[in-house]
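Reviewing the structure listed below.
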Amino acid sequence: MHSLNKREESKKGKCIEESTSKSNDSKLLCGQPKSNDFKLVCGQPNSLEQIGFEVAPGVSSDKQSYNLDSSLHGNHHILRYNHQERSFLNHMKYNFTVEEWLVQNPNNWCRMWNVDQPTEEAMKLIQCLLKAVRDWHSERSVHGFLHHPENFFIKFNQEKITHVHLAHKNMEPKTSARIEVYQNDILAISDMIFNQILGSRTRKKYPKDLEDLQRWLSPDMRFEDWTIIVDHPSLWHWKIRFTYIERVWMQYLHADKILKERMDYCLRRIPCDGWINKIPSGTPLERMFKNNSYRPTPHELLRYIRIVRFHYKDHRIDPQTEADYLEERFIEHKTTQVCEILLVYLHRMVCKLRIEV
């Protein structure tokens, strides 16, 4: 929700509203809002003017307007969504709907280095979508269809996505998914992410970390699972992914006996069979592997990834043919491909054992 700002307060507290009396006459109503009252700003459905209201309990039966109480005009129903003002009742103004964003971003998979990963902006959008749904559920708020991209509002700051808000307006779905999708928020948000945002993908399988996120978004998920879902490693920025291995490794090295035993137990259960065969041949990554002695275990996988990410510039790299291996982001991508599920299990271990990294 956003309250009346200083610019609006400076207008001598004047508010314009069309009267809904039986005579249907338009009237100019003026008033000075009380300083101790929390006000909302919303657009009039039939006007570009704005007016402050207090929210009265309850939502109207059509679920597209709010029951509001104004000291100027008494009880009043007003639409929560105003297309002209690109604003809706209980949130700040927005820049795009997700539907508009999808028109401008039809392909949301990384084009650099032929990496099999969504773009950073797409991952940030997905994370913000999940946070918005979690927050609305935690507040037991009413929202519209989650499978429709017109019901999500994106807020940008310096050309970066910062927030996503949900609209109350119930627009009809634009998906061919089964009817169960429409009846379940979790399936609806999964459809939004994997069919609409990431639907331009031509390959049949997702990376294993994204597959893990998709499994979490199931109809039988618990509310407690939202913490894992919203902070899922598949949605992290590449810089966070890059440094996370080092932070976990240092915690492992300095752990006391009991914690190390618990970490060993979790590490042994990471499914990473054949990770050595996934190291790209004829590359600096292979040379770094051969310069050390590694066994095909999860512990050794963690050690190898940590050494590559921390010391990749220490090895001779041909700037003519191997220039990409001097890029930190490229190193993150290539080492992630050695075991796509590694970060997921490390993060799960950190959460389970309550390790601070």
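Each residue of the range 312-321 in turn: what ³J(HN,Hα) in whole Hz from Karplus with 6.51, -1.76, 1.60 and θ = phi - 60°, glycine and Pro shown as x?
4, 7, 6, 9, 5, 10, 6, x, 7, 10
Between their Cα atoms, which of Lys205/Lys278; Lys124/Lys205; Lys160/Lys278; Lys131/Lys160; Lys160/Lys313 are more than 23 Å away from each other? Show your work: numbers first, answer last.
Numbers: Lys205/Lys278 17 Å; Lys124/Lys205 21 Å; Lys160/Lys278 34 Å; Lys131/Lys160 16 Å; Lys160/Lys313 30 Å.
Long pairs (Cα-Cα over 23 Å): Lys160/Lys278; Lys160/Lys313.
From the phi of every residue in the range 299-307, what ³J(HN,Hα) in whole Hz does the Karplus formula 6.51 cos²θ - 1.76 cosθ + 1.60 yield, where θ is phi - 60° and glycine or proline is x?
Those phi angles translate into 4, 6, 4, 4, 5, 5, 4, 4, 5 Hz.
List the residues, sorted by chain then number, that are 5 or more residues from Phe96 or on another chain and whose placed amide H is less than 5 Å from its amide H.
Amide H to amide H, under 5 Å and 5 or more residues apart or across chains, Phe96 pairs with Ile154.
For Met221, enumerate residues with amide H under 5 Å from its amide H, sequence gap 5+ or separate chain, H modeled in the peptide plane.
Amide H neighbours of Met221, under 5 Å, 5+ apart: none.
Which trypsin sites (Lys or Arg not before Pro) does the range 208-244 hold that lie in a coil by DSSP with at most 16 other beta carbons within 10 Å?
Numbers: sites: Lys208, Arg215, Arg222, Lys239, Arg241; in loops: Arg222.
Those that pass, being in a loop and sparsely packed, are Arg222.
Could you give the C-alpha radius of gyration of the range 238-353 expressed as a fraction of 2.2 N^0.38 Å, taking N as the number of residues it contains? Write down the numbers at each step before the final one.
Details: Rg = 14.3 Å, N = 116, 2.2 N^0.38 = 13.4 Å.
Cα-based Rg divided by the globular estimate yields 1.07.
Quick one: if you stick a label point 7 Å off each Cα along the C-beta vector at Arg354 and Asn95, how many nm between them?
3.9
When the Karplus curve 6.51 cos²θ - 1.76 cosθ + 1.60 is applied with θ = phi - 60°, which whole-Hz ³J(HN,Hα) does each residue of the range 214-222 get, with x for Gly and Pro?
4, 5, 5, 7, 10, x, 9, 5, 9
Using only C-alpha positions, report the orientation-averaged shadow area of the convex hull of the range 311-350, nm², one decimal. Before the final figure, lay out the partial values.
Working: hull surface 13.5 nm².
Convex hull of Cα atoms, orientation-averaged projection: 3.4 nm².
Net charge near Arg309: determine it from the other residues with C-beta under 13 Å of the C-beta of Arg309, scoring Lys and Arg +1 and Asp and Glu -1. Each step should come with its number before you reach the end.
Numbers: positive: Lys239, Arg241, Arg247, Arg303, Arg306, Lys313, Arg329, Lys334; negative: Glu246, Asp314, Glu327, Glu328, Glu332.
Summing Lys and Arg as +1 and Asp and Glu as -1 gives +3.
Each value in this text was obtained by applying a stated rule to the coordinates, not by laboratory testing. Bear in mind that the values here come from a model prediction, so they are computed numbers and not experimental data. Note that each Cβ is placed from the backbone with ideal geometry, even for glycine, and that neighbours are counted across all protein chains shown.
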